[in-house]
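The values are calculated or read from the model by the stated rules, or taken from the named source; none is laboratory data. Please read all numbers here as calculations on a predicted model, not as lab measurements. Here the Cβ positions follow ideal geometry from the backbone for every residue, glycine too, while neighbour counts run over all protein chains shown.
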Amino acid sequence: MERVRAELRRSGGFAGLTSHVWADSATMAPADAVRFVQLVERTDLSRLGQRAEARPRGADLMHYELTVERGGKTWHGTVSDPDIPAELRPLLQFLTHYSPGAGP
């Protein structure tokens, strides 16, 4: 299985909290690693990297800064609610709820 790494910084929302997640398929529980790699494979990161980085106004909106390393390439981008591409949402949800060491 291909190794994938990601870093996600999430900020905003009503409380204005920030969270920071690092994920590495090589150190995850096997089921989590498979799911993580599948989510990255289903996301066209090259297309997403071409999106304009406009931040909508609104203190309660969530903002996501994402870096993904896969196959020797790195993608970095920022997306914000409500303009998050549908294909990216499952990956953001997985990373948002991922907790290292949490296995089945």
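Starting from residues that are part of a strand (DSSP E or B) and β-branched (Val, Ile, Thr), keep the ones in the range 1-58 and report whichever is modelled with the lowest pLDDT.
First, the residues of the range 1-58 that are part of a strand (DSSP E or B): 4-12, 17-24.
Still in the list and also β-branched (Val, Ile, Thr): 4, 18, 21.
On the way: Val4: 97, Thr18: 82, Val21: 93.
Top of the filtered list is Thr18.
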Checklist entry - Counting only residues that are of a type in the set (A, V, I, L, M) and in contact with a Ser or Thr (Cβ under 8 Å, 6 or more places away or on another chain), which one in the range 70-104 is modelled with the highest pLDDT? => result Leu91
Checklist outcome for this item: Note on the range 1-17: residues out of contact with any helix residue (DSSP H, G or I) (no Cβ under 8 Å at 6 or more places or on another chain) and surrounded by 11 or more Cβ atoms within 10 Å (Cβ to Cβ) are Arg3, Arg5, Glu7, Arg9, Ser11, Gly12, Gly13
